[in-house]
């Protein structure tokens, strides 16, 4: 909402500056996006360069047929020579002049110039150049001839401060100047003037035929008729206000309806009444096959869910959204039917959303306008019709459902203080509520005003009304804690540990979208109407996203790429909701062993025991893929990324978390270390040897492979694996003889199981 | 033999030697088998002259040892002097990775609330409209319910558009008091631009207890904002509207760039909008079976992206999804 400040001040009497008003509104009422200066900037004496001028001489420019050469008295004694492109004036006209140095509303700075050989010392202005209208056909001729040299700002609304407000959906009353004025009055304790509008004389008592078929969607319809309407332009003050509020002036009748909507918040519509079949208004649902050409020239198909304003034959407006072209007020209009109605919000919202058609009116109806405002709006608009177009009010009909009575809510003033954590005196609570239009009885029964009926229905809503006027005063305290214990769960600690392990190993954490173009799982959840095709599936795996990240980093020339991600994946289930799991996945520009090392560290971080068995995965190298506790790892299948890559993906939740652990004394009886190498057939895995050795010798503390050799010495189809072996007894230091015995047991066991030969 | 003269001659020869070889020559000359001193010692007959000569020998030996140590130190110093490195060369590559900036913010926020005695609660991202909308007191016409704004998977199944459902789950599972935060991904059908991405992260906070007040909320948010943006920051709250809180507020922190003087980041206002909050609406309590006359509570849901962008001067939210090492290693 754009709110011209001079208009606001017409409704409320406060001393506060615009800046103060903006600051306090922002705390207590709604967001204030900014303060804009509409029209001529009031800076560095700029306003003083706009003067009233009188044309003392006017004639054709000697060197240009389309230009006039004028001498204009701007109160300086000696008239100025000004070249002008307009011809709608002559000698004696009183005009608006900007002197050299002036900055126009569009930012253009005037200078002393020569035009076709004649000097021009200023500019004679049009409405549009002053942001006072849209008429650019000629310059602005001032009536009643003020004295030359008079500051222009004294006779025209040249400069206006405008507050740009962002209101919340619960406050339709703030979509009006008067509604904001009420807030300002409550905040500053200023006086709110009575609502504007006095009924003009009624010159006839003609019937107005209004019928509402759907009282739920249209609980009220006030129709008034006017005759002898003379359509013409609105006066400057009105055009200036509409422009400042962000609307385009059209004609006096249309402008009056828009002005009232802005002032009071209840949208209005004016019909050219003779163009209504039988001059009637029927508020009804559209028929399935009906259509209407709206004011913007578009033909729109209607559905039975759409509420329309119809005449005896056809829809003439989409109720609350936009009028129809057929019945719009034109320059020939002399008889007008004014609609001051009320529409139910959700229906308007559905229709406007379905049609993709939003208007100033629909935006207000959607939020729920006070049905009692219809008569106020009709009154002010009638006054303007009469004053601006000479119209005579000839008839009225007010059709209405039974409007809901106001809610009466009991307020415990002490409850306000309890909930706010700030002591607010009951008298002050009463003052605030009454200033906002609430009626407060002696025993604290509070009646909400009709314009807040939807929003304020409970005691807590009243507390908010008081509270929002006191937000700056509410102190900073902390809860008086009882039974509060802050701790991360084991699971959360584990997640952090895994993150830290991977960071320590040189992996960079990345965030990739959970919505992907095409998840490998054909049963993955799909978004029915994806925002874009690359965000269509809810992913069941992180690996493809990480391969993309790796590719991107390769493409931009990064080196030593290693990235990981921890995120939810969404496994399809037979239930309503997917099985959400937290996965950790990583990819690095290095062979299999890098991924293996990372996985081992992740497992170690969770004190989980991992086994690795040969496996397959579509993205991984067929000979270099393993499954392990909770997931998969491997060399990346060639052909996807340049170079050697390895990757892993684990289900964090599937990793067994060792609850705690006990230390092992490796100092008192230190282990005995030996290196052993075994030649075995190629297909035997290191882990098979270790397991068999462990089964044979309980004193085997560890057996870590550290080298693999293939070559002539071990023969074709065989490899030699070298292990670092540690024997240890918890009871005593082992002797070399004992160790030799244990070694023999291992050698025997491996020879028997795998045909392993001890080398060296 | 004039012992004193010999000693003095030997000592000066020792101290004059400037290399190990010269020192060795001096040692041989004065202490060697053929030296005058050794000859005299061999020929000595009486105890007194023996003691004098031995004392002289010891003195010279000590002088040689001392001088040798000196020369060795000097040699070492010279040798080390030749092993100078360019100490500005880069260190050995031991590249560590980095946590994503959102994870860093997430942990910081978690830690701030852990310090205040809050738990961290995990929440699911795929929810039902029941938990995302109904339980949060959202009117049937609330625009967030529209498929134009929220991702619907199927009927009542949606991608959560905020972390608030975890409030409801927690309250359903537990009795007050509750002090919890929940952090994670949320989804909205936003068109991608500098400040919007369809996936984003929120921190949800909820406190329910006897006698909690708006002042407690204000103090809690101030603690959070000061922890994140600097202890000298000020906090202010302004009225707002959310279906699930009443009163509802929006929190602002004094601008950390201009310190409130007004700049581009705070749009000349001196204040930066951070996010929404409020006192839990009694309807929400009734929904989970709490008595709003017995307990009160406050809640908030803030975007982690906004905090990250503000703190690091990142101009565009898309940078957080860029995943380029050149960017990641800055955090």
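Ranked by the mean number of other Cβ atoms within 10 Å of their residues, highest first, the peptides B:113-126, A:535-548 come out as A:535-548, B:113-126.
Listed peptides A:460-473, A:211-224, A:435-448, A:708-721 appear in the order A:460-473, A:211-224, A:435-448, A:708-721 once ranked by packing, highest mean of other Cβ atoms within 10 Å at the front. For the peptides A:271-281, A:103-113, the ranking by packing is A:271-281, A:103-113, with the highest mean count of neighbouring Cβ atoms within 10 Å listed first.
Based on the Cβ-Cβ distance of residue A:752 and residue A:712, what FRET efficiency does E = 1/(1 + (r/R0)^6) give at R0 = 35 Å, to the nearest 0.05? Before the final figure, lay out each step's value.
Values: r = 26 Å, r/R0 = 0.74.
Efficiency for this residue pair is about 0.85.
Full extension of the chain between residue A:487 and residue A:114 gives 126.4 nm of extra length, using 0.36 nm per residue less the Cα-Cα distance.
Of all DSSP beta bridges confined to chain A, the antiparallel ones make up roughly 95%. The GNM of chain B, with springs linking C-alpha atoms under 10 angstrom apart, assigns the highest mean-square fluctuation among B:190, B:209, B:86 to B:86. Note on B:204-213: average number of Cβ atoms from other chains within 10 Å of each residue's Cβ is 4. Relative to one another, the C-alpha centroids of segment A:204-232 and segment A:679-717 are positioned 97 Å apart. Summary of the geometry: segment B:55-88 and segment A:331-378, compared by the centres of their Cα atoms, lie 101 Å apart. Over what distance in Å are the Cα centres of segment A:272-317 and segment B:122-200 separated? One Cα centre to the other: 40 Å. Neighbouring Cβ atoms from other chains, within 10 Å of the Cβ of residues in B:97-108, number 4 on average. Using C-alpha pairs below 8 Å separated by at least 6 residues, the relative contact order for chain A is 9 percent.
Which whole number in µm²/s is D for chain A by Stokes-Einstein, with the Kirkwood Rh taken over Cα pairs at 4 °C and 1.567 mPa s?
On the way: Rh = 34.5 Å.
Rounded, D is 38 µm²/s.
Using just the helices of chain A, give the 222 nm mean residue ellipticity in deg cm²/dmol: DSSP H runs with n ≥ 4 each add -39,500 (n - 2.57), and the total is spread over all residues, rounded to 500. Write down the numbers at each step before the final one.
Values: 16 runs with 185 residues, N = 760.
Helix-only estimate at 222 nm: -7500 deg cm²/dmol.
Taking only the Cα atoms of segment A:628-708, how large is their convex hull per residue, in Å³?
Values: hull volume 14.8 nm³, N = 81.
Taking only Cα atoms, segment A:628-708 has a hull volume of 183 Å³ per residue.
Here the label points at residue A:357 and residue B:65, each 7 Å from Cα along the C-beta direction, are separated by 11.2 nm in the simple model. Between B:147, B:176, B:90, the residue with the greatest mean-square fluctuation in the GNM of chain B (Cα pairs under 10 Å linked by springs) is B:90. Note on chain B: GNM, Cα springs under 10 Å; of B:101, B:208, B:14, the largest mean-square fluctuation is that of B:14. Per-residue shielding of A:555-564, expressed as the average number of other chain Cβ atoms within 10 Å of the residue Cβ, stands at 3.
So what is the relative contact order for segment A:501-563, in percent, with contacts set as C-alpha pairs under 8 Å and at least six apart?
Details: 67 pairs, mean separation 21.4, N = 63.
Across segment A:501-563, relative contact order equals 34 percent.
Take every Cα pair under 8 Å whose residues are at least 6 apart in sequence, average their separation, divide by the length of segment A:374-508, and the relative contact order is 22 percent.
Is segment A:154-260 best put as rounded, prolate or oblate by its Cα gyration tensor, with a ≥ b ≥ c the root eigenvalues, rounded for a/c under 1.5, and otherwise prolate when a/b is larger than b/c, oblate when not? Write down the numbers at each step before the final one.
Details: a/c = 1.89, a/b = 1.25, b/c = 1.51.
In terms of gyration-tensor shape, oblate.
Each reported figure results from applying straightforward, stated rules to the coordinates on display, with no laboratory input. Just so it is clear, the structure is predicted and the values come from calculations on it, not from any experiment. Cβ atoms come from the backbone with ideal geometry, glycine included; neighbour counts cover every protein chain shown.
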